[in-house]
Number of protein chains: 2
Amino acid sequence: MNASKERANRLVGQRASRHVVIIGGGFGGLACAIELGNAPDTDVTVIDRRNHNLFQPLLYQVATAALSPADIAEPIRKTLARFKNTNMIMAEVVGVDPPRHSVVLSDGGSLSYDKLVIATGSEYNYFGHEGWRTFAPGLKSIHEARQIRHRLLLAFERADRAKSETEKQAFLTSIVIGGGPTGVEMAGAISELGRFMISRDFRNLQPDNLRVILVEAGPRILAAFPEHLSEYARSYLEKIGVEVRTATRVLDIREEGAEIEGEFVPAGSIIWGAGVKASPAHSWLRIAGVAGGRIPVDEYLRVQGLDDIYAIGDTSAIAGADGKFLPGLAQVAKQQGIYLGRNLRSGKAVSGFKFKNRGNTAVIGRNAAVFDFGKWTMKGRAAWLLWALVHVYLLINFEKRLLVAVQWIGRYLTRQRGARIIDETAEETDVARHITAAGGAGKTSADRPRS
Amino acid sequence: MNASKERANRLVGQRASRHVVIIGGGFGGLACAIELGNAPDTDVTVIDRRNHNLFQPLLYQVATAALSPADIAEPIRKTLARFKNTNMIMAEVVGVDPPRHSVVLSDGGSLSYDKLVIATGSEYNYFGHEGWRTFAPGLKSIHEARQIRHRLLLAFERADRAKSETEKQAFLTSIVIGGGPTGVEMAGAISELGRFMISRDFRNLQPDNLRVILVEAGPRILAAFPEHLSEYARSYLEKIGVEVRTATRVLDIREEGAEIEGEFVPAGSIIWGAGVKASPAHSWLRIAGVAGGRIPVDEYLRVQGLDDIYAIGDTSAIAGADGKFLPGLAQVAKQQGIYLGRNLRSGKAVSGFKFKNRGNTAVIGRNAAVFDFGKWTMKGRAAWLLWALVHVYLLINFEKRLLVAVQWIGRYLTRQRGARIIDETAEETDVARHITAAGGAGKTSADRPRS
């Protein structure tokens, strides 16, 4: 597609569809594309590096062998197949040229737009310690979830074959860094998975040797939730065998373990959930990011100072009713995508974007979750049931099958984990055999909550 | 475990359980282990490089995005969990020391046995062209199935972004090498997947550009089946758009395509199914393999000339009623595992092993399969229905869920493929960027049939 030619057509008054380009096929980008589905005189192109949209709230269940990747991922093409005016490109964006109204791709191609929606999400922030990423993957993609699952399961096999008690203890130790929802979910799920596997599958291992350490730099876990829910989560985690260490910093991460304030703890698996930053989209626009690289937008989600460019979801920054930036939640991204899609479709925006809080949740274990609806809260088994119901509903809405619901119920009844497969990929060789020489304290502030 | 100490105990008459070691947790090894489950005074250890048993007959459905890996794989520990006397070790065997009754592991450990069962299966044979493996993976493990799926799906995305018609045609071309059941299943499934995806998901691609070439060196595909079934398979494949090229040799395989007798065909994905050889277990025993490295055994499945060592399944060679070696089929391995397990349990073998042919099958497409029961045959939709019934039954027996059956039925009704996920792993970087300089003709004889 030739940007200048197309715009020339438009300038000489030739009637042409306008072209809305959406970068990012996550909750926000796809909600926007769906709102624009079959809109008259409008072509929509979604660009994504991956071919699928991911139901991230359940990614921790892939990492802990409860679900398969395909259970929570949906090809973007499939989602958009019902619209005649939408298209998808699997490509990597490397820049935006606002004066030319053009998006630059890594393969050298470019794509012209009339309206551009940036919905590129967020990624894990290692606060300058990029070398840690290799040893402590975060949980953002299917690849990382599979990597974590692989390491978790392999650690048990290695513990089983360990030559000493020290080695066995190391392989049975997991360290989860960051006490936000992801960290809490992972710590709880690892503890439950570990105890189940040891008691059922590993005759030579003892459940008491399982050690799951949740490290949080701040004074409490689930910092975005009311304090009594943090306390509930902590006591529940401790009950199921997780060591919760708040106000504690991780100083170094190596292949064999992590240095946690004065103590080196050997570990078979380390998971990073300690902070996110926005995608680098702000640099494409050559503007300064705010609050971790987010693109500031006005109440209509327009990027200030640039024509026809919008930003939504985790990569954008807009103040909520309380004056603080809205959190990086799926529900925020989705509401923004719907709002913007409707505006772009109608060509006008009657009022600014208002976030409606649907409740913030974190699941702690097989029978425990917390919910924060602002005015009231819930915790325990009832909250878990609500969490399960909400997520089954959301998944079905996500065009995803009753099947996952069936699997859940089956698993709940049998306590089985269906996806305990170690595929002998080269994943372990992904682990580069070097770490950054840079030392210093790693920030382990809570990650932003997500719904 | 200390081999000499344990055997010393036995020699001084101290009553100890005897130890049966089974190398390989496939159909044969596990059937043997299950027969020995809870046998008195018997300890059983299964050694496998992977933590799971794979239902290989459906692996092609993982490769073509119809099933997830976890749907057809079962952790070996889970299968054996109900027996108190069985254990599993995830480790790699590098040798056997018959005089010491000991198995040597790659991690330097060893394991003593009283009875040793070798059930290490087979692997793809590249007939000396090991460099081809990188560009044309076979279909033996989950890793390879995912690799093939990844390449297939990525090729469509690349075709969609192709800069020329030539490039587009190359990405829409798949070459399947070997006209045995695996090759036929893959060619049929790729053609169906491709047409479905193009018609539904890719507006810029035309179904007519899809090209699936099935190359077979011998005079006909499905050479192990009666001739009229080969002909049926050929005409069905051609009907669904597969080019079947028999009596044709592949001379070279490169990253960009394959040289097929006088013509270089650029292709987005190449799949190898052209021949198998036995695992290298015969070299552990320092005996000469027969018929592609298989270990010759007597009618009691004993390795000739070695005490207390047995071999079963694809890695062993035993003549059937017709004097020819039994084929490398799951049903042969399983029947041998059961036979041997019973003999080892009772301590006596009343009669030699007799293979009962349950029928040989290959599936060609969504509504077509062939069955060969020796005395009579079946083909077409009825054969497909029987194939589906048999495999649902076998899968459930494999301790695998009704769920897969549910998925199948759902997919059959909706023509959906649930697992069309490209996870952005480093898999493509697995592809080493070199090919062997060695040229010469590649043998592309039919692979051995499997049930």
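Cross-link partners for residue B:354 among the aspartates and glutamates, with Cα-Cα distance under 20 Å and sequence neighbours closer than 8 places in the same chain left out: B:35, B:298, B:299, B:314, B:322, B:372. Shown is the FRET efficiency for residue A:322 and residue A:259, computed with R0 = 35 Å from the Cβ-Cβ distance and rounded to the nearest 0.05: 0.40.
In nanometres and ascending order, the distances from the residue A:82 label point to those of the other copies are 4.3 (point 7 Å from Cα along Cα→Cβ). Only the Cβ atoms of Lys and Arg (+1) and of Asp and Glu (-1) were treated as charged; on that basis the dipole of the range B:78-128 about its Cα centre amounts to roughly 360 debye. Ranking of B:175, A:338 by neighbouring Cβ atoms within 10 Å, starting from the fewest: A:338, B:175. Residue order for B:350, A:20, fewest other beta carbons within 10 angstrom first, comes to B:350, A:20. Within the range B:157-276, DSSP assigns beta bridges of which about 40% are antiparallel (rounded to the nearest 5). When the range B:63-109 is described by a simple charge dipole with +1 on each Lys and Arg Cβ and -1 on each Asp and Glu Cβ, the residue from B:87, B:103, B:63 located farthest towards its positive end is B:87.
Dipole size of the range A:179-295 about its Cα centre, with +1 on Lys/Arg Cβ and -1 on Asp/Glu Cβ: approximately 400 debye, rounded to the nearest 20. Taken along its three principal axes, the alpha carbon spread of the range B:121-247 comes to 42, 32, 24 Å, from the longest extent down to the shortest. Each residue, residue A:100 and residue A:342, gets one label point 7 Å from its Cα in the Cβ direction; the gap between the two is 3.6 nm. In sequence order, the range A:341-349 has phi-based couplings of x, 5, 4, 5, 5, 7, x, 8, 10 Hz under the Karplus curve 6.51 cos²θ - 1.76 cosθ + 1.60, θ = phi - 60°, and Gly or Pro positions carry x.
Listing A:200, A:286 from fewest to most neighbouring C-beta atoms within 10 Å gives A:286, A:200. Spin-label pair residue B:298-residue A:164: with each label point 7 Å from Cα along the Cα-Cβ axis, the two points sit 4.8 nm from one another. Remark: the range A:213-228, residue by residue, has Karplus-estimated 3J(HN,Hα) of 10, 9, 10, 9, 6, x, x, 8, 7, 6, 4, 7, 9, x, 4, 5 Hz, where x stands for each Gly or Pro and the curve is 6.51 cos²θ - 1.76 cosθ + 1.60 at θ = phi - 60°. With 20 Å as the limit, the listed pairs A:78/A:348; A:140/A:356; A:78/A:334 have A:78/A:348; A:140/A:356 beyond it between alpha carbons. Rg then Dmax, both in Å and based on the Cα atoms of the range A:54-123: 15.9, 48. Under 5 Å between amide hydrogens, built in the peptide plane, is the criterion, and for residue B:53 it picks out B:74, B:76 among residues at least 5 positions away or on other chains. Peptide B:155-161 has a mean of 3 when you count, residue by residue, the C-beta atoms of other protein chains within 10 Å of its C-beta.
For residue A:261, the residues whose modelled amide H falls within less than 5 Å of its own, excluding neighbours fewer than 5 places apart on the same chain, are A:249, A:251. Inter-chain neighbour count for A:73-81: the average number of beta-carbon atoms from partner chains within 10 Å of each residue's beta-carbon is 5.
With the convex hull of its Cα atoms as the shape, the range B:181-242 has an orientation-averaged projected area of 4.2 nm².
Computed from phi, the 3J(HN,Hα) profile of the range B:23-39 under the Karplus parametrisation 6.51, -1.76, 1.60 (θ = phi - 60°) reads 9, x, x, x, 4, x, x, 5, 4, 5, 4, 5, 4, 8, x, 6, 5 Hz, with x in place of Gly and Pro.
Bear in mind these aren't lab numbers, they're just calculated from the coordinates by the rules spelled out. Note that the coordinates shown come from a computational prediction; the quantities given were computed from them, not determined experimentally. When we count neighbours, we look across all protein chains shown, and the Cβ atoms used for this are built from the backbone with ideal geometry, even at glycine.
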